[in-house]
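Asks: What follows is a single structure, and I will ask about it in a moment.
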Amino acid sequence: MASLRCFLRSGKNAVTAVLRREFHGTPPAAVQYIGVTVRDALNQAMDEELERDERVFLLGEEVAQYDGAYKVSRGLWKKYGDKRIIDTPITEMGFAGIAVGAAMAGLRPICEFMTFNFSMQAIDQVINSAAKTYYMSAGLQSVPIVFRGPNGSSAGVAAQHSQCFAAWYGHCPGLKVVSPWSAEDARGLLKSAIRDDNPVVFLENELMYGVPFEMSEEVQSKDFLIPIGKAKIERQGNHITLVSHSRMISLCLDAAAVLAKEGIECEVINMRTIRPLDAEAIETSIMKTNHLVTVEGGWPQFGIGAEILARIMEGPAFNYLDAPAVRVTGVDIPMPYAKNLEDNSIPQIKDIIFSVKKTLNV
Amino acid sequence: LLLLLLLKSNISSVVVSARTYADFTPQATFDIKKCDLHKLEEGPPLQAVLSREEGLQYYRTMQTMRRMELKADQLYKQKIIRGFCHLYDGQEACAVGIEAGINLSDHLITAYRAHGYTLTRGGTVREIMAELTGRRGGIAKGKGGSMHMYTKHFYGGNGIVGAQVPLGAGVALACKYLGKNELCVCLYGDGAANQGQIFETYNMASLWKLPCIFICENNKYGMGTSVERAAASTDYYKRGDFIPGLRVDGMDVLCVREATKLAAEHCRSGKGPILMELQTYRYHGHSMSDPGVSYRTRDEIQEVRSKSDPISMLKDRMLSNNMASVEELKEIDVEVRKEIEDAAQFATTDPEPPLDDLCNHIFYNDPPMEVRGTNPWTKLKSVS
């Protein structure tokens, strides 16, 4: 069962599983879990928020009549029509600017980038027009906008379509940057992002879209929100802390399962939010485990791991480290195309296991 | 002889007291220049009606704008204003004429030469000048500076050339979405007119019929580059291609007003965007660090000043039609001068923002948070 779940989580197969659990030893209440893919979680979150607030609308390439390039917005145009689900021409700088302007004038746009690689064309609007405006205007002009889309490496899409932008956007004050892993993350964080009155960069992952996760009733409720800025401990452990975000969480959990067989218990922290970074959660964990390995898909220099390590150095947890904290990252190269090369350009489970063992000196 | 003198003085005083406002022409009609049209059947009327009240108001606002900019020049040279300072003197008819053609409930966005618009959109001279000098009484509490001033329905003040154009179309989208019959005036210069994102915006605004008046303020120079050296086509009013356009005399406040009224009517009737090119001129260089004479001659500047100054044009019109007296206008000048002096006094004596404010206004509607200072031990507080 565990291996099946691992298989599913790493996104190699899209199978919707329906599970029912019963709690033993407590009054018999069948807690209903359903299997929901990340894609459907995002879709439902947007649907509910569109229904809840008339000012919310979605724009981007192929989001309406095509049902979304990755089908994330499937059915929304049919339900809400042209006014609220808007197909744009292939003009990122223009439509991102239009989205920001609409947010300034009282609407709550969701601006989709087909992938975040294309957001580079519009990055001036994200940073200079959206992120900085509330500060420059000393509180006169807020920008309640969500920029969302797939981020990071996919499969076989080569160098120009595989970059991770978590570090780039995470660098900028005035932005909130969120990176969900599971369906629950996707749902709760997207709802929070849409309801947030500030610019939020919402980094999805294409390979996770088809992965199903169990979703409890509580998570399915219309007002289920995950607070931005709080990490989650996905797996408890005593020996070492693994900190990661997005798809790499799946690999961390898989590595942890393998290491557990050798008696090494990893604590896996799902960052959920890149900015503001929940340093406290990481510090608390390190004070327990005394070891840290960060795992990310992006490039090493000036990246997510680099920031986490710097903060740990500067904070109270440093004294609890029994070994230098290290980073597992993507290889410092543009993404190649050939499968074997691509596979060796991003962290694999064996790389995480190797780094854990080196850090623990076993 | 004494009697005659007494009589004379009595008569003159009688004459003065009897000369009430009823003696002035309440309104007059003026010929205005014909606009060149692009994909438009009809242009604005060739005549404009100006009432005395309107005339006095336009005069006062333009004069206030002029003196405010000149005072900013002075303060900049005294190093009391620092950084970027892009002055608007010479272009007053644009800002005042545009505002006369729309309502305050409409929306407006422009680039960095924005002090004039901040004024017409409801800012006071006091808070504008205090923003230039970086004081807490500034319109953006000293945190924005010359290029980042905001008021209700005025979205700045934008530093990145051309970026304000998609923003403006976005505001127009919100106007259409919310159905309040408002429109957005979206300004850019001749330099910005070549930006790709502007053409992207033309496309979407036209496709979606956004109520957006695109206005190119063509002051003939993008920083130090003349229009001939920057644009393959200097017919900026035609550059919208499928968007109807008109080229307007931007030195004549009435011409600008009538064109804006036509444009506003076009947008409000659901026809989509329209483009206006205002031919205007700036007396100052691009910014305070540009003397403005290396790429144009002093003669050229002087010629515009003497032949086309917008304030002089309005003044001549009003005086020659007996719509106001020389004294009355002089009185306005004196009042304006006083207002500017008071504002400058405030702007130079108001204290700088408190250091506590450094990290505020990062996020809206959020609980207070901590911001890292310059070193790991410095933790600063940020409130919404």
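The values are calculated or read from the model by the stated rules, or taken from the named source; none is laboratory data. Owing to the predicted nature of the structure, the values given are computational and were not obtained by experimental measurement. Quick reminder, even Gly has a Cβ in these numbers, built from the backbone with ideal geometry, and neighbours come from all protein chains shown.
Asks: Take segment B:336-359 and flag every residue that is free of Cβ contacts under 8 Å to residues at least 24 places away in the same chain and aliphatic (A, V, I, L, M).
Replies: B:L355, B:L358
Asks: Right, something else. Being under 21 Å from B:K271 (Cβ atoms) and facing chain A (nearest Cβ under 9 Å), is that true of even one residue in segment B:152-161? Reasoning before the result, please.
Replies: If we filter segment B:152-161 for residues that are under 21 Å from B:K271 (Cβ atoms), which is where we start, we get none.
No, that holds for no residue.
Asks: Follow-up. Go through segment B:325-381 and count every residue that is away from chain A (no Cβ under 14 Å) and within 30 Å of the chain's Cα centre (by Cα).
Replies: 27
Asks: Can you tell me how many residues within segment B:106-120 are within 12 Å of another protein chain (Cβ to nearest Cβ) and touching a Lys or Arg at 6+ places or on another chain (Cβ under 8 Å)?
Replies: Qualifying residue count, segment B:106-120: 1.
Asks: Within segment B:241-263, is even one residue surrounded by fewer than 24 Cβ atoms within 10 Å (Cβ to Cβ), free of Cβ contacts under 8 Å to residues at least 24 places away in the same chain and closer than 22 Å to B:T201 by Cβ?
Replies: So far as segment B:241-263 goes, no, none of its residues is surrounded by fewer than 24 Cβ atoms within 10 Å (Cβ to Cβ), free of Cβ contacts under 8 Å to residues at least 24 places away in the same chain and closer than 22 Å to B:T201 by Cβ.
Asks: Scan segment B:209-224 and give yes if some residue there is of a type in the set (F, W, Y) and crowded, with 24+ Cβ neighbours inside 10 Å, otherwise no.
Replies: Keep residues of segment B:209-224 that are of a type in the set (F, W, Y), which gives B:214, B:221.
Narrowing further to those that are crowded, with 24+ Cβ neighbours inside 10 Å: B:214.
Yes, because at least one residue in segment B:209-224 is of a type in the set (F, W, Y) and crowded, with 24+ Cβ neighbours inside 10 Å.
Asks: While we're on this one: Let me spell it out: the conditions are (1) farther than 19 Å from A:Q163 by Cβ; (2) more than 18 Å from the chain's Cα centre (by Cα), and A:I282 meets all of them except one. Which number is the exception?
Replies: (2)
Asks: Please find, within segment B:193-242, the residue that is nearest to the other protein chains (Cβ to nearest Cβ) out of those that are assigned to a helix (DSSP H, G or I) and among the β-branched types (V, I, T). Let's see the steps before the verdict.
Replies: Going through segment B:193-242, the residues assigned to a helix (DSSP H, G or I) turn out to be B:193-194, B:196-207, B:227-230, B:236-238.
Filter again for among the β-branched types (V, I, T), leaving B:198, B:201, B:227.
Working: B:I198: 8, B:T201: 5, B:V227: 23 Å.
Across segment B:193-242, the extreme among qualifying residues is B:T201.
Asks: For A:I226, work out the one condition from (1) more than 15 Å from the chain's Cα centre (by Cα); (2) more than 14 Å from every other protein chain (Cβ to nearest Cβ); (3) under 20 Å from A:E51 (Cα atoms) it doesn't fulfil.
Replies: (1)
Asks: Report yes if some residue within segment A:236-253 is over 30 Å from A:A105 (Cα atoms) and touching a Gly at 6+ places or on another chain (Cβ under 6 Å); otherwise report no. Break it down into steps so the answer makes sense when it comes.
Replies: Of all residues in segment A:236-253, those over 30 Å from A:A105 (Cα atoms) come to A:236-253.
Now restrict to residues that are touching a Gly at 6+ places or on another chain (Cβ under 6 Å): A:248.
Taking every residue of segment A:236-253 in turn, at least one turns out to be over 30 Å from A:A105 (Cα atoms) and touching a Gly at 6+ places or on another chain (Cβ under 6 Å).
Asks: To continue, here is another question. Give the residues of segment B:174-192 that are in contact with a Gly (Cβ under 7 Å, 6 or more places away or on another chain) and either in a helix (DSSP H, G or I) or outside the structural domain of B:S233 (by the TED database) (or both), sorted by residue number. Steps first, please.
Replies: Taking segment B:174-192 as the starting set, the residues that turn out to be in contact with a Gly (Cβ under 7 Å, 6 or more places away or on another chain) are B:174, B:178, B:184, B:186, B:188-192.
Residues satisfying the conditions are B:A174, B:L178, B:A192.
Asks: May I ask you to list the residues in segment A:84-138 that are surrounded by fewer than 24 Cβ atoms within 10 Å (Cβ to Cβ), in a loop (DSSP other than H, G, I, E, B) and more than 7 Å from every other protein chain (Cβ to nearest Cβ)?
Replies: Once the filter is applied, which keeps residues that are surrounded by fewer than 24 Cβ atoms within 10 Å (Cβ to Cβ), in a loop (DSSP other than H, G, I, E, B) and more than 7 Å from every other protein chain (Cβ to nearest Cβ), segment A:84-138 yields A:R84, A:I90, A:M114, A:T115, A:K132.
Asks: From the set of residues in segment B:108-137 that are hydroxyl-bearing (S, T, Y) and under 19 Å from B:A95 (Cα atoms), which is nearest to the chain's Cα centre (by Cα)?
Replies: So in segment B:108-137, the residues hydroxyl-bearing (S, T, Y) come out as B:110, B:112, B:117-118, B:120, B:124, B:133.
Next, only the ones that are under 19 Å from B:A95 (Cα atoms) stay: B:110, B:112, B:117-118, B:120, B:124.
Numbers: B:T110: 9, B:Y112: 11, B:Y117: 4, B:T118: 7, B:T120: 7, B:T124: 13 Å.
This residue is B:Y117.
Asks: Please indicate, with yes or no, whether at least one residue in segment B:171-179 is out of contact with any helix residue (DSSP H, G or I) (no Cβ under 6 Å at 6 or more places or on another chain), closer than 30 Å to B:K220 by Cβ and surrounded by 22 or more Cβ atoms within 10 Å (Cβ to Cβ).
Replies: Within segment B:171-179, the first condition is being out of contact with any helix residue (DSSP H, G or I) (no Cβ under 6 Å at 6 or more places or on another chain), and the residues that meet it are B:172, B:175-179.
Filter once more, so that each one left must be closer than 30 Å to B:K220 by Cβ: B:172.
Next, only the ones that are surrounded by 22 or more Cβ atoms within 10 Å (Cβ to Cβ) stay: B:172.
Yes; the residues of segment B:171-179 include at least one that is out of contact with any helix residue (DSSP H, G or I) (no Cβ under 6 Å at 6 or more places or on another chain), closer than 30 Å to B:K220 by Cβ and surrounded by 22 or more Cβ atoms within 10 Å (Cβ to Cβ).
Asks: What number of residues within segment B:140-155 are among the aromatic types (F, W, Y) and part of a strand (DSSP E or B)?
Replies: Narrowing segment B:140-155 to residues among the aromatic types (F, W, Y): B:150, B:154-155.
Going one step further and asking which of them are part of a strand (DSSP E or B), we end up with B:154.
So the count comes out to 1.
Asks: Within segment A:147-177, restricting attention to residues that are within 14 Å of chain B (Cβ to nearest Cβ) and within 18 Å of the chain's Cα centre (by Cα), which residue is nearest to B:K152 (Cα to Cα)? If you could, list the steps in order and put the result at the bottom.
Replies: Filtering segment A:147-177 for residues within 14 Å of chain B (Cβ to nearest Cβ) gives A:147, A:170-177.
After this cut, where a residue has to be within 18 Å of the chain's Cα centre (by Cα) as well, the list is A:147, A:170-172, A:175-177.
Numbers: A:F147: 25, A:G170: 31, A:H171: 30, A:C172: 27, A:L175: 23, A:K176: 26, A:V177: 29 Å.
Filtering segment A:147-177 for residues that are within 14 Å of chain B (Cβ to nearest Cβ) and within 18 Å of the chain's Cα centre (by Cα), the one nearest to B:K152 (Cα to Cα) comes out as A:L175.
Asks: Tell me which residues, restricted to segment B:134-151, are away from every other protein chain (no Cβ under 11 Å) and buried (at least 24 other Cβ atoms within 10 Å of the Cβ).
Replies: Here is the first cut: in segment B:134-151, the residues away from every other protein chain (no Cβ under 11 Å) are B:134-135, B:137, B:146.
Selection gives B:S146 alone.
Asks: Another question about this same structure. What residue, of B:L37, B:L50, is in the same structural domain as B:E265 (by the TED database), at pLDDT 55 or above and surrounded by fewer than 17 Cβ atoms within 10 Å (Cβ to Cβ)?
Replies: After ruling out the rest, the residue left standing is B:L37.
Asks: Assess whether A:E280 counts as being within 14 Å of chain B (Cβ to nearest Cβ) and either surrounded by fewer than 24 Cβ atoms within 10 Å (Cβ to Cβ) or over 14 Å from A:P347 (Cα atoms) (or both).
Replies: On the way: within 14 Å of chain B (Cβ to nearest Cβ): yes; either surrounded by fewer than 24 Cβ atoms within 10 Å (Cβ to Cβ) or over 14 Å from A:P347 (Cα atoms) (or both): yes.
Answer is yes for this residue.
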